[in-house]
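Comments concern the structure below.
The values are calculated or read from the model by the stated rules, or taken from the named source; none is laboratory data. Source: prediction; values computed, not measured. Ideal geometry is used to build each Cβ from the backbone, glycine not excepted, and the neighbour counts take in all protein chains shown. Keep in mind that these areas ignore ligands, DNA and RNA; they rest on the heavy atoms of the full protein, side chains included. Shrake-Rupley method; radii C 1.70, N 1.55, O 1.52, S 1.80 Å.
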Amino acid sequence: MSTKRETVKQVSNYPTPPEGIPERHIRKDICKQYGVKCSLSEEDGKTVTAYYFPFYNQAGDIVGYKKKDLTLQKGEKYYITTIGYCSPDNMLF
């Protein structure tokens, strides 16, 4: 696991998942519509290693992302983390 911290600005420049989120039956166009981002493997540049779901403030600006790290097992520490400001006061999508 990388110890380098990601920023909201960096994540906002990540690509939309190229195949959507197939395990959840979510198409690429839906991911794009809602601003979902992904990181790709440094080894092959194709394999999705994480999904990022945007959080918006009341003004509609992206202020954070919830990250789901696919390199870890569900339930493992840091499987789901946050980047930026993600609070119950914010809006998901």
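So the values come out like this:
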{"read-out": "Residue within the range 15-23 that is modelled with pLDDT under 95, open to solvent by 30 Å² or more (accessible area, probe 1.4 Å), within 14 Å of K68 (Cα to Cα) and not in a loop (DSSP other than H, G, I, E, B) present", "value": "yes"}
{"read-out": "Positions within the range 34-62 being within 14 Å of the chain's Cα centre (by Cα) and over 23 Å from Q73 (Cβ atoms), in sequence order", "value": "Y34, G35, P54, F55, Y56, I62"}
{"read-out": "Of all residues in the range 28-56 being among the basic types (K, R) and outside any loop (DSSP other than H, G, I, E, B), the one that is nearest to I80 (Cα to Cα)", "value": "K37"}
{"read-out": "Any chance T7 is of a type in the set (V, I, T), open to solvent by less than 100 Å² (accessible area, probe 1.4 Å) and touching a residue at least 40 places away in the same chain (Cβ under 8 Å)", "value": "yes"}
{"read-out": "Unmet criterion (only one of (1) open to solvent by 40 Å² or more (accessible area, probe 1.4 Å); (2) in contact with a strand residue (DSSP E or B) (Cβ under 9 Å, 6 or more places away or on another chain); (3) of a type in the set (G, A, S)) for A59", "value": "(2)"}
{"read-out": "Among (1) outside any loop (DSSP other than H, G, I, E, B); (2) open to solvent by 40 Å² or more (accessible area, probe 1.4 Å); (3) polar (S, T, N, Q) - the single one Q73 does not satisfy", "value": "(1)"}
{"read-out": "Test: E23 is touching an Asp or Glu at 6+ places or on another chain (Cβ under 9 Å) and of a type outside the set (S, T, Y)", "value": "no"}
